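Here's the structure, in structure tokens; my notes come after.
The values are calculated or read from the model by the stated rules, or taken from the named source; none is laboratory data. Computed from a prediction, not measured in an experiment: that's the story for all the values here. Every residue, glycine among them, receives a Cβ derived from its backbone with ideal geometry; neighbour counts consider all protein chains shown. Just so you know, the surface numbers come from the protein's heavy atoms only, side chains and all, with ligands and any DNA or RNA stripped out. Shrake-Rupley method; radii C 1.70, N 1.55, O 1.52, S 1.80 Å.
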Amino acid sequence: MGEKKKFVMRPPQVVKVGTKKSAFVNFTEIAKMLHRQPKHLLAFLFAELGTTGNLDGSNQLVMKGKFQQKHIEAVLRRYIKEYVTCHTCKSPDTILAKEGRLFFLQCMLCQSKTSVQTIKSGFQAVTTKRKLIREKQ
């Protein structure tokens with residue numbers, strides 16, 4: 001085995017947009033560093049944070065809700081652990097390939113291939129009045 005390459009990640013830049021939104025400024029830059037499709041990282045972030053949002057004209061990810069940098073950082077760490085680092089040799093030199101309905105993490109270093117979980121959309125908070133929902137049923 002070659003020497004261990006430590007994966008150094010630039011921290012996410014998160015800024016407030018008004019009172020109810022947050023912007024992840026260097027989102028596309030981080031997706032490029034991870035060699036992942038921004039769409040895949042986006043789906044993971046939304047599922048984990050239980051929010052929605054979109055990319056604006058300057059490739060910033062604008063999300064509904066107030067999020068702190070450390071919160072986004074923790075979610076990114078989970079994403080890297082699950083979808084970027086090789087589960088066998090821990091190398092970040094991997095590609096994510098879709099075969100049929102499954103995603104596989106293929107390592108360029110040790111050639112191992114592992115299936116990874118598809119991203120499930122997380123818990124959706126009930127924002128309308130529960131009483132109204134019950135009356136409709």
Residue-level accessible surface for D56, protein heavy atoms, 1.4 Å, Å²: 60
Solvent-accessible surface (1.4 angstrom probe) belonging to H71, in square angstrom, nearest 10: 90
1.4 Å probe accessible area per residue over the stretch 1-91, in Å²: 62
J(HN,Hα) series, the stretch 23-29, from Karplus relation 6.51 cos²θ - 1.76 cosθ + 1.60, nearest Hz, glycine and proline x: 10, 9, 4, 9, 4, 5, 4
Simple spin-label estimate for S58 and R77 in nanometres, 7 Å along Cα-Cβ: 2.9
Note, ³J(HN,Hα) from phi for the stretch 35-41, Karplus 6.51, -1.76, 1.60, rounded to Hz, x at Gly and Pro: 6, 10, 5, x, 4, 5, 5
Given K21/K98; K39/K98; K81/K120, the pairs whose alpha carbons are separated by over 21 Å: K21/K98
